[in-house]
Amino acid sequence: MGEMPIVPEPAALPWWSALLLPVLLGFVTWSALVGDALFSGERAALAVPGREAARLLVGQPRRTVAADSVLGRVGGGVLPVAALLAAAVLPLGERPVADLSIGVVWFNAMEVLAWAAVWMVGWGSNSALGLAGGYRFVAQGLAYELPHMFAIITAALGAESLRITTIVDAQRDLWFVAIMPVAFVVYLMSAAAMAFWGPFDAPVGRDLAGGAAAELSGVDRLILAGGRWLLLVVAAAMAVPLFLGGGAGPLLPAWAWVAVKTAAVLALLLWLRHRFPTVRMDRYVEFAWVVLVPLTIAQALAVALVVLGGA
Amino acid sequence: MDLTALLLRVAARRPHVLVVAVPGAAGARLALEAALAHRGWPVATGPADADVLAVAGAPGPDLAAVVDAVWGQVPAPCVRIDVPAPADVGERLDAAAALLADAEHQRTEVVDGNEGHGDHEEHHDHDGHHDHAEHGGGGHDGHHHGHGGTVAGLPMAEVGPDRDGLTLDRLHVPLGPVLPDWPAGLVVRVTLQGDVIQEASAEVLDAGPAEPFEWPSVAARELDGLARFLGVAGWPRAAGRARTLRDALLAGGEVGAEVTALVRRIRRSRTLRWLVRDISVGSTDLAALLAERLAAVEDALPERQRGGHAGVARQYGHHAGAGMAELLVGAELAAARLIVAALDRETDRMGAGHG
């Protein structure tokens, strides 16, 4: 702080941080699971993730008749890998593991993989309920993806850069949530939707006996559930550099502020699941295209005018 | 150190239980659900998610055959328990947890096949059981063999014109009887195109011999149906609350104010209203059915019964004017689930005929 650095600091964290990233994300995900158990009013909430993980680790994987197991397993595996890759551009404090010049696009590309992943899992199990669940997620993608892209591109527009660290720097005076509240709210909704998290959990809904995950057991189910949680955590964490000023804040170091803000966004998403019933896509598609798309475009236009006016 | 044994012990602290409801045996199901809620054990969504298969009541021959097929789909480690009477629940669940934690039992009895659980590669039976619905869509159930021949003994999807005149795949899928928040013993065989139901026929397995269950409290019966509707609507918090209040009522608690508060909260939910509107159910619609249900919950409260008219269990949607199966034709799968939950026919009173 204070004097301007003469030599530009390296923008990315050292290479070995890439090895720590999965550990860190795993820890945050574990905490989020405990938090969700608390929200659900479970007793022994601290033990719930451990018991569930143990249950799935010793569980026998099963196969349905004429299943496309390769497709299904690749789909399941894509989910956690995509979440980890998306997290690479996430500033953990001031710097990310990889400071890509197209960070926003990278994040979006990784998160879109979930679209294919859930469909592959649903199709792969050769079960009508799994198939219906997989296609529900495809429809869900049609609904949330377009408003979501307008929302994140508005943040990039505000900073005139696709680099996540530049977007954080641009919020030194004013967090983007203040000048683009619509984009922030839409982002939160799509963060829940991309992780098929409640109230957007129709693809794995109870009414379909688990939907895309209906036929999964053991490690297969663990990988899908874990990937889903990682995706939710990464999507929640990305709201911090895009809209909430990244590591900016008084007293505490940047990494602590990132942790606090991420926890707050995650808590909000966990709470949402209990607050609302599952939103079916036959309803949400209409809302997304008729209301959210025009709203996010208007938001982007307003931000563009502010940027032009300030230049 | 035996890592598997350790994991089994940890996992057995919180097993997922798949509850099979038997028509006429709501008492056993209620006791089972209350015991699961008390222990904090989740209710499984299907056989793949289950560790314990719990049959609440004594199933007739048709339902028993389905239960056997479903049991074959539950992955190890697993335990099957039968709960014929409400009083046995606690003991049976304790025994189930002990067997789940017992590595020796799981290795020798379950995985090595003494209980018919050795082969999980091919768990759908092809031995003429095709008219027994399984857990609601495990395979392409074959009454009508498609044009495309068979794959691994399963018929390929046939094709037919859809509502827009396009020629698309049709799947024959049985819904129930083992499906979350689904009426006991009900099977609805549907022909699906995409997720739109084109044909439907309903039956209740072993409907004849079942003795209808006498609910000690009409309000509890209404809350039970409401909890199922909320579960299907994907609102676990409210569904859990309805179940808690149901169990409190059955235990003789005074929860009138809490029930009224829950009903008010559901009525006020704009999201729920948005989700149930414009889904027609015969001559009425889903929103009207839900309103009727909520009113019935309030009317059935003991506090409202002082006027002397005893609460009588009602059948919903009679004015909808058709059998249940016909009401589902043209609906999407998600809407059909909501319609079945909102109608909430008491399958133990439906007789051997169709819904």
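The values are calculated or read from the model by the stated rules, or taken from the named source; none is laboratory data. The structure displayed is predicted, hence computed values, not measured ones. Virtual Cβ from ideal backbone geometry, glycine too; neighbours counted across all protein chains shown.
Quick notes on this one:
- Enumeration of residues in the stretch B:33-53 that are over 14 Å from the mean Cα position of the chain (by Cα) and either farther than 13 Å from B:Val178 by Cβ or of a type outside the set (A, V, I, L, M, F, W, C) (or both): B:Ala34, B:Ala35, B:Leu36, B:Ala37, B:His38, B:Arg39, B:Gly40, B:Trp41, B:Pro42, B:Asp49, B:Asp51, B:Val52
- Meets criteria (modelled with pLDDT of 90 or more and within 14 Å of chain B (Cβ to nearest Cβ)) for A:Val204: yes
- Filter result for A:Ala44 (at positive phi, over 22 Å from the mean Cα position of the chain (by Cα) and touching a residue at least 12 places away in the same chain (Cβ under 8 Å)): no
- The residue that is surrounded by the fewest Cβ atoms within 10 Å (Cβ to Cβ), among those in the stretch A:127-170 that are within 14 Å of another protein chain (Cβ to nearest Cβ) and of a type in the set (Phe, Trp, Tyr), is A:Tyr135.
- Those residues of the stretch B:1-26 which are assigned to a loop (DSSP other than H, G, I, E, B), more than 9 Å from chain A (Cβ to nearest Cβ) and under 25 Å from B:Ala56 (Cα atoms), in sequence order: B:Val22, B:Pro23, B:Gly24, B:Ala25
- The stretch A:41-66: number of residues that are more than 9 Å from chain B (Cβ to nearest Cβ) and either within 22 Å of A:Ala128 (Cα to Cα) or touching a strand residue (DSSP E or B) at 6+ places or on another chain (Cβ under 8 Å) (or both): 0
- Among helices (runs of 4 or more DSSP H) entirely within the stretch A:134-232, having at least 1 residues that are hydroxyl-bearing (Ser, Thr, Tyr) singles out A:164-169, A:181-194.
- Verdict on A:Asn126 being farther than 20 Å from A:Val258 by Cβ, among the polar types (S, T, N, Q) and without any contact (Cβ under 8 Å) to a residue 60 or more places away in the chain: no
- Note on the stretch A:1-45: residues that are at pLDDT 90 or above and either farther than 22 Å from A:Ala237 by Cβ or touching a Ser or Thr at 6+ places or on another chain (Cβ under 8 Å) (or both) amount to 1.
- For the stretch A:283-294, the criterion of being at the interface with chain B (Cβ under 10 Å from one of its Cβ atoms), closer than 15 Å to B:Trp235 by Cβ and in contact with an Asp or Glu (Cβ under 7 Å, 6 or more places away or on another chain) is met by none of the residues.
- Which listed residue, of A:Ala311, A:Ala288, A:Ala298, is farther than 30 Å from A:Ser69 by Cβ, modelled with pLDDT of 90 or more, surrounded by fewer than 24 Cβ atoms within 10 Å (Cβ to Cβ) and among the small types (Gly, Ala, Ser): A:Ala298
Residues are listed down the side, and each one gets a yes or a no for (1) part of a helix (DSSP H, G or I); (2) at pLDDT 80 or above; (3) more than 23 Å from B:Leu249 (Cβ to Cβ); (4) touching a Phe, Trp or Tyr at 6+ places or on another chain (Cβ under 6 Å):
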position	(1), (2), (3), (4)
B:Arg264	yes, yes, no, no
B:Thr271	yes, yes, yes, yes
B:Asp278	no, yes, yes, no
B:Ala291	yes, yes, no, no
B:Val297	yes, yes, no, no
B:Gly311	no, no, no, no
B:Tyr316	no, no, no, no
B:Glu326	yes, yes, yes, no
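Quick grid of which residues meet (1) out of contact with any strand residue (DSSP E or B) (no Cβ under 7 Å at 6 or more places or on another chain); (2) crowded, with 24+ Cβ neighbours inside 10 Å; (3) more than 9 Å from chain A (Cβ to nearest Cβ):
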site: B:Ala48; (1), (2), (3): yes, yes, no
site: B:Ala54; (1), (2), (3): no, yes, yes
site: B:Val83; (1), (2), (3): no, yes, yes
site: B:Pro86; (1), (2), (3): yes, no, yes
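- Screening B:Val340 on (1) modelled with pLDDT of 90 or more; (2) part of a loop (DSSP other than H, G, I, E, B) shows it passes everything except condition (2).
- Only one of the listed residues (B:Ala227, B:Ala257) is in contact (Cβ under 8 Å) with a residue 12 or more places away in the chain, part of a helix (DSSP H, G or I) and either over 26 Å from A:Gly134 (Cβ atoms) or over 16 Å from the mean Cα position of the chain (by Cα) (or both). That residue is B:Ala227.
- When we screen A:Val233, A:Val258 for residues that are surrounded by 24 or more Cβ atoms within 10 Å (Cβ to Cβ), of a type outside the set (D, E, K, R), in contact (Cβ under 8 Å) with a residue 24 or more places away in the chain and within 14 Å of A:Met194 (Cβ to Cβ), the only hit is A:Val233.
- The condition (being crowded, with 24+ Cβ neighbours inside 10 Å, modelled with pLDDT under 90, within 20 Å of B:Leu275 (Cβ to Cβ) and within 14 Å of chain B (Cβ to nearest Cβ)) is satisfied by just one residue among A:Gly124, A:Gly198: A:Gly198.
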